[in-house]
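Contents: one structure, followed by commentary.
The values are calculated or read from the model by the stated rules, or taken from the named source; none is laboratory data. Worth saying up front: this structure is predicted, and the values here are computed from it rather than measured. Don't worry about glycine lacking a Cβ; one is built from the backbone with ideal geometry, like all the others, and counts go over all protein chains shown.
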Amino acid sequence: MPAPDQRWFHRRGALARDGWESVVDASTPGWVHTGIRVAELAAGDVLALDERDVERIVVPLAGSFRIETADAAYDLAGRANVFDGPTDVLYLGAGATATLTGSGRVAVATSPTTEQRPTRHIARSDVPVELRGAGASSRQVHNFGTPQALDAVRLIVCEVITPAENWSSYPPHKHDEHDPGHETRLEEIYYFESAPARGAAGGAAASAFGMFSTYSSPAGDIEIDAMVHSGDIALVPYGYHGPAVAAPGYDLYYLNVMAGPDPDRAWLISDDPAHAWVRSTWEGLEIDPRLPFTAAGEEGSTR
């Protein structure tokens, strides 16, 4: 397998900076509209969220965190890991600065703007959970940062759980042209995690992996065909992207961060015409019975 496009695919830690494991922002070559910061904190660690001209969503990946602004403090209960269903999150509008403390792994999704929106704490119980697709294309989507769930300026954020052997971000699709009512221009970040499948007798987290692909569209040339592991980041400035495939024995998670230059904050996509027909094969199929993934002890849990 050829090496993935190094402009647009980065292994865990390759973008480390200022106490963060990974940083994508306006200083990243070719990147304009979105950003992400990922960190692993221990008790006593403090990270500053001190950029003023960005809006943010703080997403606990594993563990619990406290965010202190000039006006208030917010406790995010978090979760044991990304496969324990949704988490509570915090939206911080432009102009707000804060400090972040806690214990565990955390992601901060960002988008540049000077337009302000109020801070909002979204409880886990209020996160819209969508079961999308069917059969082997079943996946679970947490829509806490989508236009229907959150009043933001440009930022669109969600997370996806794909059970072992299933496909998501499929059929391959794009959002790199401004076609009002049909397609919006959105940069997209994929942050990945993988783990041995729920109920699996063996397997080590360090070996867990999935697969991810992108390919070119008229908007630009891109090619990523990569094994993805926990902490890896793919950047999609344009082009068709998908599938994201959970390997047998391993569940796959990704956090999607999107924003773009179009006036409407909307996720409107175009499937690759060569593969759009696949959607019709889902008719009559059931959602994968392993879904939804929830925390241990909650209804629907597959632990």
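When each of Ser280, Ser270 is tested for being within 27 Å of Gln148 (Cα to Cα) and free of Cβ contacts under 8 Å to residues at least 40 places away in the same chain, the lone residue that passes is Ser280.
Whenever a residue of the range 226-253 is free of Cβ contacts under 8 Å to residues at least 60 places away in the same chain, its partners that are in a strand (DSSP E or B) and surrounded by fewer than 22 Cβ atoms within 10 Å (Cβ to Cβ), lying with C-beta atoms within less than 9 angstrom and at least six residues away or across chains, give the pairs Val228/Met211.
One line per residue, one yes/no per condition, for (1) within 16 Å of the chain's Cα centre (by Cα); (2) not charged (D, E, K, R):
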site	(1), (2)
Thr114	no, yes
Ala134	no, yes
Thr146	yes, yes
Ser169	yes, yes
Arg198	no, no
Ala208	no, yes
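One line per residue, one yes/no per condition, for (1) surrounded by 18 or more Cβ atoms within 10 Å (Cβ to Cβ); (2) among the basic types (Lys, Arg); (3) under 14 Å from Gly78 (Cα atoms); (4) in contact (Cβ under 8 Å) with a residue 24 or more places away in the chain:
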{"position": "Leu90", "(1), (2), (3), (4)": "yes, no, yes, yes"}
{"position": "Gly95", "(1), (2), (3), (4)": "no, no, no, yes"}
{"position": "Gly102", "(1), (2), (3), (4)": "yes, no, yes, yes"}
{"position": "Val106", "(1), (2), (3), (4)": "yes, no, yes, yes"}
{"position": "His121", "(1), (2), (3), (4)": "no, no, yes, yes"}
{"position": "Ala134", "(1), (2), (3), (4)": "no, no, no, yes"}
{"position": "Gln140", "(1), (2), (3), (4)": "yes, no, no, yes"}
{"position": "Pro147", "(1), (2), (3), (4)": "no, no, no, yes"}
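Residues in the range 25-61 that are among the acidic types (Asp, Glu), touching a residue at least 60 places away in the same chain (Cβ under 8 Å) and not in a strand (DSSP E or B): Asp25, Asp53. Among the conditions (1) of a type in the set (D, E, K, R); (2) within 23 Å of Gly85 (Cβ to Cβ); (3) at pLDDT 95 or above, Arg154 misses just one, which is (2).
Okay, residues lined up against (1) modelled with pLDDT of 95 or more; (2) in contact with a His (Cβ under 8 Å, 6 or more places away or on another chain); (3) part of a loop (DSSP other than H, G, I, E, B):
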{"position": "Met211", "(1), (2), (3)": "yes, no, no"}
{"position": "Gly242", "(1), (2), (3)": "yes, yes, no"}
{"position": "Asp288", "(1), (2), (3)": "yes, no, yes"}
{"position": "Gly297", "(1), (2), (3)": "no, no, yes"}
{"position": "Arg303", "(1), (2), (3)": "no, no, yes"}
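Within the range 1-52, the set of residues being of a type in the set (A, V, I, L, M, F, W, C), more than 20 Å from Val228 (Cβ to Cβ) and loosely packed, with under 11 Cβ neighbours inside 10 Å comprises Ala42, Ala43. Tyr170 meets all of the listed conditions (1) under 20 Å from Pro29 (Cβ atoms); (2) in contact with a helix residue (DSSP H, G or I) (Cβ under 8 Å, 6 or more places away or on another chain) but one, namely (1). Of the set (1) closer than 30 Å to Glu223 by Cβ; (2) assigned to a helix (DSSP H, G or I), all apply to Ser125 but (1). Asp176 passes every criterion in (1) surrounded by fewer than 24 Cβ atoms within 10 Å (Cβ to Cβ); (2) at pLDDT 95 or above; (3) in a loop (DSSP other than H, G, I, E, B); (4) not small (Gly, Ala, Ser) apart from (1).
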